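The values are calculated or read from the model by the stated rules, or taken from the named source; none is laboratory data. Every value quoted in this text rests on a predicted model; they were computed, and no experiment measured them. Heads up, the Cβs are rebuilt from the backbone with ideal geometry, glycines too, and the neighbour counts pull from every protein chain shown.
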Amino acid sequence: MQAGVDELIGAVLEDRYRIDAPIARGGMSAVYLGLDLRLGRDVAVKVMDTRYASDPQFLRRFEFEARAVAGLKHPGLVAVYDQGIDDGVAFLVMELVEGGSVRELLRERGPMPPHAVVAVADPALGGLGTAHAAGLVHRDVKPENVLISDAGEVKVADFGLVRAVAESSVTSASVILGTAAYLSPEQVESAHADARSDVYSMGVMVFELLTGRTPFRGDTPLSLAYQRLTYDVPAPGDVIAGVPVELDEVVLRATERRPADRYANAFEMRAALLDVADELDLPPFTVPAPRRSAERETMARQRAVAARQPTRVASAPSTEPARPATKASAAIPEAAGGDARWEVGALPAGADSPDHDAADGRVRTLIWLVLVLITATAAGGVGWWVGSSLILT
């Protein structure tokens, strides 16, 4: 099917995966809500830009990386189900994680307290460590690529795509791949990356979770990237008050400029982080999905349209009935933020309840009482600390 990404709605790839609605778009790909007609399950379908779909070198690496990632099994990784090329459309079929991204959660709630940071980083590092043990490197670890389900599961997405794009003939050698704010020094200098590069990016992400900002600022992505060749990542506690020195030490070790001085892989960093959690006696915590993620808003607009779209099949019509309305799905979203309050009880993110207004009032009252009794030491941190007891497990 000679179709561009904007024309894929209603199409069926390889007579199996129906494209129902767009979730997110980026420079390299677009992510769609899809339906596996054979198994009757919702999936996320990442469709690569046509520039890459016509590049044989990219397609070889794309297939190799997809096969490698599909073999990984860990609850901290988004599962890869399938990969294919249908008449010039290169696509990846992945587990649909219903919820949102860590980026969106940061926008809604601001910096996280230590127990929430550990709850995010622990499963993410476990997933990365599993990949590192198999010889795979992510190369683009950032809050957009760490997803949180409505059940509080934390999963890393988008393994292997950066390497496939880097080795394509489409990409200029001068292009710095990955997101500039999270790149390791060696990725900036030579585009080389190994497990320690992912460790550096995780260290930067933990810094951001604790402080609400990335360690370097720059006018352009290039200047931002090159700062890490000269400057060390500061301790989070130097940026925002109240960060335990033990967490500072984990971040500083993970973001050493020399790879040999960092944790050797994500498993090693995870072990250090969990030791700190034990030392500080941090409580167990369930991370909430963002309430206003991009895919929720997109799906609210697209459900009715998708249900009315005629199904177009490459070779044979489908007898599958129109999909029912579903909850929103999470991929690689960029969403507008908004104020968010901790929900009392176990309501799904964004759910309405007869007691919703009363619950909000109780939470607001609790927040004001705490504000009278204590002085906030970190911007944005109050909402996390006040609400934390409501979602402790």
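Would you be able to say whether some residue in segment 23-31 is more than 27 Å from E208 (Cα to Cα) and not assigned by TED's automatic domain parsing to the domain that holds V156?
So the first thing to find is which residues in segment 23-31 are more than 27 Å from E208 (Cα to Cα), and the list is none.
Looking for residues that are more than 27 Å from E208 (Cα to Cα) and not assigned by TED's automatic domain parsing to the domain that holds V156, one finds none in segment 23-31, hence no.
Residue-by-condition table, conditions (1) under 21 Å from K155 (Cα atoms); (2) modelled with pLDDT of 85 or more:
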site: Y17; (1), (2): no, yes
site: A21; (1), (2): no, yes
site: V31; (1), (2): yes, yes
site: A53; (1), (2): no, no
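Go through segment 251-278 and give me each residue that's crowded, with 24+ Cβ neighbours inside 10 Å, among the β-branched types (V, I, T) and part of a helix (DSSP H, G or I).
V251 - this is the single residue of segment 251-278 that is crowded, with 24+ Cβ neighbours inside 10 Å, among the β-branched types (V, I, T) and part of a helix (DSSP H, G or I).
Which of the residues belonging to segment 114-140 are in a loop (DSSP other than H, G, I, E, B) and surrounded by fewer than 23 Cβ atoms within 10 Å (Cβ to Cβ)?
A134, G135, L136, V137
For R103, work out the one condition from (1) assigned by TED's automatic domain parsing to the domain that holds A181; (2) basic (K, R); (3) without any contact (Cβ under 8 Å) to a residue 40 or more places away in the chain it doesn't fulfil.
Here R103 clears every test but (3).
From the residues in segment 223-237 that are touching a helix residue (DSSP H, G or I) at 6+ places or on another chain (Cβ under 8 Å) and loosely packed, with under 14 Cβ neighbours inside 10 Å, which one is nearest to A191 (Cα to Cα)?
L229
Please work out which residue is nearest to D15 (Cα to Cα), limiting yourself to segment 64-86 and to residues that are buried (at least 16 other Cβ atoms within 10 Å of the Cβ) and charged (D, E, K, R).
Across segment 64-86, the extreme among qualifying residues is D86.
Scan segment 196-218 and tell me whether some residue there is touching a His at 6+ places or on another chain (Cβ under 8 Å) and either part of a helix (DSSP H, G or I) or surrounded by 24 or more Cβ atoms within 10 Å (Cβ to Cβ) (or both).
Yes, that holds for at least one residue.
Failed condition for L224, given (1) in a helix (DSSP H, G or I); (2) modelled with pLDDT of 95 or more, with all others met?
Of everything listed in (1) in a helix (DSSP H, G or I); (2) modelled with pLDDT of 95 or more, L224 misses just condition (2).
I'd like to check something: does segment 222-232 contain any residue that is under 30 Å from S149 (Cα atoms), of a type outside the set (S, T, Y), out of contact with any Asp or Glu (no Cβ under 6 Å at 6 or more places or on another chain) and in the same structural domain as R196 (by TED's automatic domain parsing)?
The answer is no, given that none of the residues of segment 222-232 is under 30 Å from S149 (Cα atoms), of a type outside the set (S, T, Y), out of contact with any Asp or Glu (no Cβ under 6 Å at 6 or more places or on another chain) and in the same structural domain as R196 (by TED's automatic domain parsing).
Scan segment 223-236 and report the pairs whose first residue is acidic (D, E) and whose second residue is assigned to a loop (DSSP other than H, G, I, E, B), with Cβ atoms within less than 9 Å and a gap of 6+ or a chain change.
D232/P215; D232/T255; D232/E256; D232/R257
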